[in-house]
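**Q** Okay, here's the structure, questions in a sec.
Bear in mind that the values in this text are calculations on the coordinates, not laboratory data. None of the values given here were measured: they were computed from a predicted structure. A quick note on method: Cβ atoms are made from the backbone with ideal geometry, for glycine too, and the neighbour counts reach across all protein chains shown.
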Amino acid sequence: MQEKSKPMLKFRKILLRTVQVILAIILFAIGLLYVTGNSYIIRGVKLTYLKGHNTANIDDYKDFDNNVILSYKPQPWIEHDLYNKIELTDTLKAELERFQSIGFFVAKDGKALLERYWDDYSADSHTNSFSMSKSVITMLLGKAIEQGYIKSLDQPITDFLPEFKDDEFGKKCTIGDLSAMTSGYDWREDYYLPLNPTAKAYYGSNIEKQMLSRSFIQEPGGNFNYLSGDTQLLAIVLQRAIGISVSQYLQEEFWQPMGMEKDAYWSKDRKDGMEKAYCCLNSNVRDFAKLGQLLLQKGNWNGKQILDSAFVQKMVTPNYKAFEKGQPARYGYSIWTDYEHQPNFYGLMGHLGQRVIVIPSENLVIVRLGHQKDNRQMGKGFLDNDTYYFVDEVMKMLKTNQLLNQQQHAQEITRTENSIP
């Protein structure tokens with residue numbers, strides 16, 4: 001018995017020593033993360049990999065502190081005569097299901113035409129808009145300019161961010177540069193690599209300090225370079241200019257005046273901290289669709305001008321000077337655009353395929369929310385592959401049901417001609 005127990009005892013000692021070494025390495029790594037200011041990685045690992053994800057997910061607002069944006073006197077969508085009577089094309093249905101969509105909504109001529117949900121999600125669900133929030137921040141910027149808190153898009157950011165008054169490039173940056181993504185700010189846009197500023201902004205606990213401690217590395221006003229840091233800086237400008245949080249401002253100037261159907265949640269870095277403005281406005285398909293409808297209606301809502309029409313036009317017009325000759329001009333002021341595709345469209349677009357797509361020629365708004373994005377390169381256009389599926393397949397559905405504007409116009413002409421004696 002003793003002879004047999006010796007190998008077992010030796011094995012246990014080796015195992016114990018191995019576990020001790022592993023624990024020591026883990027503790028050292030954790031300590032190193034704290035010492036180097038990268039402790040946010042611990043939180044990130046806990047909320048992603050340990051939950052079976054490899055990036056942020058649409059439901060993780062529950063893991064963060066949030067500001068609540070209260071609704072007031074909801075104005076539900078008026079339903080179209082054909083509401084939910086139109087079938088999805090097989091191609092669109094396959095696209096939506098393949099990439100784990102949780103909600104799809106179409107509004108035609110200001111009325112709800114189609115609404116679908118998957119996996120127990122509903123109109124009551126709240127999910128993350130991700131970078132669709134960037135468009136919302138610029139809408140708030142337009143309102144702040146209209147109300148005189150900010151002079152114009154050309155105002156220097158140093159009027160509100162004196163932290164950059166000695167920065168060689170930062171002191172030249174305008175508020176418009178932040179919205180148009182032409183700032184020259186030092187940022188790496190990556191939603192998967194743990195050690196980068198985007199991840200730190202998402203999982204860190206002091207986003208304002210992080211933004212203001214970085215610098216500008218290029219001359220502002222140049223080429224388009226998509227940076228979440230730009231939008232977060234813009235939110236800091238807004239907060240300092242108007243004196244309240246961007247959540248409160250959204251509630252007062254848009255959410256309640258537009259009769260949003262549900263409260264919304266804007267995730268923050270910590271309980272007494274700031275909204276993660278470049279992402280993380282959590283709502284539902286119906287209320288996100290209203291944001292698209294507001295842009296479609298050039299800022300007018302039920303006869304009231306919620307947002308200046310000239311500013312809306314500025315948002316949805318490609319910022320041509322930010323793109324080289326031959327490059328597709330795909331971005332305005334925090335709005336993605338494709339005016340080469342037929343039909344033309346623009347939209348709010350976010351990580352993992354969150355979409356609010358506006359097709360002006362058809363008075364059409366399309367919303368898609370879901371877990372994954374279609375990353376395939378299929379040559380449909382210069383924006384993400386899925387946007388073209390949504391646009392083209394919905395257009396087919398409208399055509400089949402004779403709902404396209406040109407079809408309706410032709411029908412009106414025919415009826416008029418037939419009525420002539």
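**Q** Can you tell me, using C-alpha contacts under 8 Å and at least 6 residues apart, the relative contact order of the stretch 65-407 as a whole percent?
**A** 25
**Q** Right, another one. DSSP loop chymotrypsin sites (Phe, Trp or Tyr not before Pro) in the stretch 163-233 with at most 15 other Cβ atoms within 10 Å of their Cβ, which ones?
**A** Tyr192, Tyr226
**Q** Still on this structure, please answer the following. Aspartates and glutamates within cross-link reach of Lys298: Cα-Cα under 13 Å, excluding same-chain residues under 8 positions apart?
**A** Partners found: Asp308.
**Q** Put +1 on the Cβ of each Lys and Arg and -1 on the Cβ of each Asp and Glu in the chain; which of Gly204, Ile86, Pro343 then has its Cα farthest toward the positive end of the dipole?
**A** Toward the positive end, the furthest listed residue is Gly204.
**Q** The stretch 65-168: which GluC sites (Glu not before Pro) are DSSP loop and have at most 16 other beta-carbon atoms within 10 angstrom?
**A** Passing both the DSSP loop test and the Cβ count: Glu87, Glu168.
**Q** I've got another one for you. May I ask for the distance between the Cα centers of the stretch 271-316 and the stretch 232-269, given as a whole number of Å?
**A** Result: 10 Å between the Cα centres.
**Q** Looking only at Cβ-Cβ distances, which cysteines of the chain have no other cysteine closer than 4.7 Å?
**A** Here Cys173 come out as lacking a disulfide-compatible partner, given the Cβ-Cβ threshold of under 4.7 Å.
**Q** List, in the order given, every pair from Lys93/Lys276; Lys93/Lys290; Lys134/Lys209; Lys111/Lys143; Lys108/Lys143; Lys108/Lys151 whose Cα-Cα distance in the structure shown is over 30 Å.
**A** Over 30 Å apart, Cα to Cα: Lys93/Lys276; Lys108/Lys151.
**Q** If the cut-off is a Cα-Cα distance under 19 Å, which aspartates and glutamates reach Lys165, setting aside same-chain residues fewer than 8 apart in sequence?
**A** Counting by Cα, and skipping residues close in sequence, Lys165 has these aspartates and glutamates nearby: Asp154, Asp177, Asp186, Glu208, Glu219, Asp230.
**Q** Can you give the extra length, in nm with one decimal, that the chain gains between Asp154 and Gln407 once fully stretched, where that is 0.36 nm per residue apart less the Cα-Cα distance?
**A** 86.7 nm
**Q** Can I ask one more? Order of Tyr121, Tyr333, Tyr339 from fewest to most other C-beta atoms within 10 Å?
**A** Ranking Tyr121, Tyr333, Tyr339 by Cβ neighbours within 10 Å, fewest first, gives Tyr339, Tyr121, Tyr333.
**Q** I'd like the distance between the alpha-carbon centres of the stretch 146-183 and the stretch 41-55, rounded to an integer number of Å.
**A** Here the two parts' Cα centres lie 35 Å apart.
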